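Below you'll find the structure, written out as C-alpha cells, and then a few comments.
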Amino acid sequence: MFISKELSSFIAVAKNKSINKATAELFITQSPICRSLKKLEFSLGVKLFVRKSQGLVLTKEGECLYNKVLSICEQLKEIEGGYKNEKSAYNDPY
C-alpha cells in the first residue's frame with residue numbers, strides 16, 4: 001500500500017530480469033507491469049531496462065534507481081506489516 005505499483009513492478013522485474021517471472025511474483029499479468037514500467041520511465045525521463053539475450057538488464061540509471069529504492073521499499077513493507085499486526089492485536093478482544 002505504501003509502495004506505488006510502478007515501483008513494485010520495477011523492483012520485481014529488476015530482481016527477476018524478466019517480466020514473465022515478475023508476473024508470478026506480483027500475481028498480475030504482463031500488461032499492467034509494462035504500463036507501470038513505461039509510466040515510471042516517462043516520469044523519470046530515463047530508460048530503465050534494455051532487452052538482452054539473457055533477459056531484461058538494468059541501464060545505469062535503472063541500476064542507480066534500484067539501489068536507492070530497494071532498501072526504502074523493504075523498510076516501508078516492514079512498517080506496513082507492523083501496523084497490520086498492531087491493528088489485528090487491537091481488534092482481538094482476548
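The values are calculated or read from the model by the stated rules, or taken from the named source; none is laboratory data. Since this is a predicted model, take the numbers as computed values, not measurements. Ideal geometry is used to build each Cβ from the backbone, glycine not excepted, and the neighbour counts take in all protein chains shown. In case anyone asks, the SASA skips ligands and DNA or RNA and just uses the protein heavy atoms, side chains included. Shrake-Rupley method; radii C 1.70, N 1.55, O 1.52, S 1.80 Å.
Miscellaneous remarks
- Comparing ILE33, ILE19, ILE72 in a Gaussian network model of the chain, where Cα atoms under 10 Å apart are tied by springs, the biggest mean-square fluctuation is seen for ILE72.
- Apolar share of the accessible surface for the chain: 57 percent from carbon plus sulfur atoms, 1.4 Å probe.
- Compactness ratio for the chain: Cα radius of gyration over 2.2 N^0.38 Å (N = residue count) comes to 1.27.
- Karplus-derived HN-Hα couplings along the stretch 21-38 (A = 6.51, B = -1.76, C = 1.60, θ = phi - 60°), whole Hz, x at Gly and Pro: 5, 5, 4, 5, 5, 8, 6, 9, 7, 5, 4, x, 5, 4, 4, 5, 5, 4
- Charge tally in the Cβ shell below 12 Å around ILE33, where Lys, Arg are +1 and Asp, Glu are -1, ILE33 excluded: +3
- Helix-only [θ]222 nm of the chain, DSSP H runs n ≥ 4, -39500 (n - 2.57) each, per residue, nearest 500: -24000 deg cm²/dmol
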